[in-house]
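Novice: This is the structure I have questions about; it appears just below.
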Amino acid sequence: MSTGEEAGIVIIGAGQAASQAVVSLRAEGYEGRITLIGDEAEPPYQRPPLSKKFLAGEIGFDRVELKPAEFYAGANCALMLSTRVSAIDAAAKTVATSDGKLIPYTKLLIATGSRVREINVPGFDLEGVHYLRSVGDVHDIQSHFKAGAKLVVVGGGYIGLEVAAVAKKNGIAVTVLETADRVLARVVDPIVSKFYERIHRAAGVVIETGVTVVGFEGKDGKVTGVDSGDGKIFPCDFVVVGIGIIPNTELAVNAGITVDNGIVVDEMTRTSDENIFAAGDCTNHPNGIFDRRLRLESVQNAIEQGKTAAAAMMGKDKPYNQVPWFWSDQYDLKLQIAGLSQGYTQAVTRGHPETDNNFAVFYLKDGVLIAVDAVNRPPEFMMSKLLIAQHAKLDPARLADESINMKEVAKA
Amino acid sequence: MTKVTFIEHNGKEHTLDVADGLTLMEAATKALIPGIDADCGGACACATCMVFVPAEWESKLAAKEPMEETMLEFCEHSAENSRLSCQIKVSPALEGIRVTMPESQH
Ligand SMILES: Cc1cc2nc3c(=O)[nH]c(=O)nc-3n(C[C@H](O)[C@H](O)[C@H](O)COP(=O)(O)OP(=O)(O)OC[C@H]3O[C@@H](n4cnc5c(N)ncnc54)[C@H](O)[C@@H]3O)c2cc1C
Ligand code: FES
């Protein structure tokens, strides 16, 4: 069944990238029809607060949603919520929805984001084992927020640690289990890992590294403990699992679009099909600054690709090529990250992470700045963002020297 | 409700009635006023919500926290009278305030 309406731009997924694309399409002067199809019940919202202020109950959904629902009507954008796209027919230029509609498109944007990686161990389906990706997940987790309750967080990545910080502030006993020998092992230098372990332990969070979860124990269908395989059981009332995400690429694969660790796009967000574009967590894109392809999970990536895709669908070139950046809020610490540290040959510390709550670690590759982790240090973050884009070769001694202003570090 | 005017770099004015307690950034982005990007959604992490505040209003705003202060210091288009709009809560004391946006936030 076709809706019988004129074809326009269709966007699959109603998240961060999709919302930006709607705003940018109108800003670029597109006057045709836009149909936004998302499988969640809510209009597009921001996910970062889900493990921060929204989880803490400090802000309501009205401050998490990206635009009020009325905006979409005002922008002449049909918002089809609680609706899943089941298939794309690239030859016929239609998408099929799970409720049996066939919607024609002139141009299609895939902005399906990613989903959580599930833990595949016995007891995975016990009540009280949660993940964190959506507003609904937050409500489920919050239902356990009673002082004295015991939480085990599986995975010491950003989301796990942010959840630990919020839960601890709510009077919950928190244990974080991490497979690697340190938290944040995938993304930061040991100096930064050690710092966060120190902060969390000081707050009363138990952190156990080198622990691989092999199962969950339960009673009456509810989780009561986490089994680490070496005979040790960590008792709990609830669990939050944060062990990574998987990009939602199945629709693209089935439509014959090239996928390789994400939907393969160029710097203009174009896929291998001339009428189909992709933006956000689901993509794999080239980055000229780092001279390689990336699959990123960040708001910046979703927003910037959303803008580029809107332009590209209008036939305009607005290449996406930026220094990636990200942030994480834990307790009163703001971590700001710019660049990509993989392959660094030297880490330079500015400040005293062993004792203070502010410092920065610069990552150099053969003398060239490629990334920074800055904790409560906006100057180091902001300046590094510029220097990374310039492939600046920096003197490690100057970077480490606190008496030299960040604006001056690049000077010989 | 408090009356707030946002002025685009090209001079175009937008006057809004804003619920007290929202930030200037939230008011502008929800009303789709061009010129404020607010990539981090108000986490004081991105400096893409910068506005210029006329001198006569400065004293009526809460002072900058150190985080905002240093973000601004390193923000490309910032000036003496720059503020991050996500750090400014709207209250009746701001009735009639007029803020100007930079040409670009990036
Ligand atoms: C708890 C948490 C904290 C985070 N914190 C930060 C942070 O501090 N800083 C940062 O930069 N990033 C953070 N991120 C990452 C950031 O939120 C994501 O990178 C961003 O949301 C990606 O945007 P997107 O549009 O690609 O995907 P999403 O915003 O996830 O939107 C995709 C939407 O598509 C829907 N969808 C998928 N398949 C279909 C289908 N077949 N039919 C219909 N709809 C479909 C999904 O349900 C979803 O609603 C965080 C993420 C989480 C979960
Ligand atoms: S919105 Fe990011 S700093 Fe204000």
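The values are calculated or read from the model by the stated rules, or taken from the named source; none is laboratory data. All values reported here derive from a predicted model rather than from experimental measurement. A quick note on method: Cβ atoms are made from the backbone with ideal geometry, for glycine too, and the neighbour counts reach across all protein chains shown. Heavy atoms of the whole protein, side chains included, go into the accessibility calculation; ligands, DNA and RNA do not. Shrake-Rupley method; radii C 1.70, N 1.55, O 1.52, S 1.80 Å.
Novice: For region B:2-100, what is one quarter of the convex hull surface built on the Cα atoms, given in nm²?
Specialist: Computed as one quarter of the Cα hull surface, the answer is 5.6 nm².
Novice: Which loop-located trypsin sites (Lys or Arg not before Pro) does region A:359-396 contain, where loop means any DSSP state but H, G, I, E or B and the Cβ has at most 14 other Cβ atoms within 10 Å? Walk me through the numbers on the way to the answer.
Specialist: Values: sites: A:Lys365, A:Lys385, A:Lys393; in loops: none.
Nothing satisfies the criteria.
Novice: Could you tell me the relative contact order of region A:118-243? Use alpha-carbon pairs under 8 Å, at least six residues apart, and round to a whole percent.
Specialist: 36
Novice: Something else now. Need one value for B:41-54: mean number of C-beta atoms belonging to other chains within 10 Å of its residues' C-beta atoms.
Specialist: Details: counts 12, 6, 11, 5, 13, 8, 4, 2, 0, 0, 0, 0, 0, 0.
Average neighbour count from other chains, rounded to a whole number: 4.
Novice: Across the residues of A:46-52, average count of Cβ atoms on other protein chains within 10 Å?
Specialist: On the way: counts 4, 1, 5, 3, 0, 0, 2.
If you average over the peptide's residues, the count of other-chain Cβ atoms is 2.
Novice: Can you tell which of A:Val239, A:Val116, A:Val192 shows the greatest fluctuation in a Gaussian network model of chain A with Cα springs below 10 Å?
Specialist: Of A:Val239, A:Val116, A:Val192, the most mobile in the Gaussian network model is A:Val116.
Novice: Counting Lys +1, Arg +1, Asp -1, Glu -1, what net charge surrounds A:Gly210 among other residues with beta carbon under 14 Å of its beta carbon?
Specialist: Result for the local shell: -3.
Novice: Once amide H atoms are built 1.01 Å from N in the peptide plane, which residues 5 or more positions from A:Ser86, or in another chain, come under 5 Å H to H?
Specialist: Here the answer is A:Ala96, A:Thr97, A:Ser98, since their amide H atoms fall under 5 Å of that of A:Ser86.
Novice: Anyone know which of A:Thr83, A:Thr355, A:Thr269 comes out most mobile in the 10 Å Cα GNM of chain A?
Specialist: A:Thr355
Novice: Now for a different question. Counting partner chain Cβ atoms within 10 Å of every residue's Cβ in A:353-360, what's the average?
Specialist: 0
Novice: With no solvent and one point on each alpha carbon, what is the Debye value of log10 I(q)/I(0) for region A:208-317 at q = 0.14, 0.15, 0.17, 0.24 Å⁻¹?
Specialist: Computed log10 I(q)/I(0) values: -0.67, -0.71, -0.78, -1.28.
Novice: Does a label point 7 Å from the Cα of B:Lys3, set along Cα-to-beta-carbon, have any residues of region B:91-106 with amide nitrogen under 12 Å, and which are they?
Specialist: B:95-98
Novice: Give me the number: length gained by fully extending A:Ile404 to A:Ser82, i.e. 0.36 nm times residue separation minus the C-alpha to C-alpha distance, one decimal in nm.
Specialist: Net length gain for the segment: 110.5 nm.
Novice: Take the Cα pairs of region A:332-411, get the Kirkwood Rh, then feed it into Stokes-Einstein at 4 °C and 1.567 mPa s and tell me D in µm²/s.
Specialist: For these conditions, the coefficient is 106 µm²/s.
Novice: Build a GNM of chain A with springs between Cα atoms under 10 Å: which of A:Ser341, A:Ser19, A:Ser98 gets the top mean-square fluctuation?
Specialist: For chain A, modelled as a Gaussian network with Cα springs under 10 Å, the answer is A:Ser98.
Novice: Can you send over the carbon and sulfur percentage of the accessible area for the protein assembly as shown, probe radius 1.4 Å, protein chains only? Before the final figure, lay out the partial values.
Specialist: On the way: 10670 of 21390 Å².
Of all accessible area on the protein assembly as shown, carbon and sulfur atoms account for 50 percent.
Novice: Let me ask something additional. Enter the accessible area per residue of the protein assembly as shown (Å², integer; probe 1.4 Å; all protein chains in place).
Specialist: 41
Novice: Also, quick follow-up: Write down the radius of gyration of region A:118-243 and its Dmax, each obtained from C-alpha positions, in Å.
Specialist: Rg then Dmax for region A:118-243, in Å: 13.5, 43.
Novice: Counting residues in chain A as N, plug N into 2.2 N^0.38 Å and put the Cα Rg over that result.
Specialist: Relative to the rule-of-thumb radius for its length, chain A sits at 1.04.
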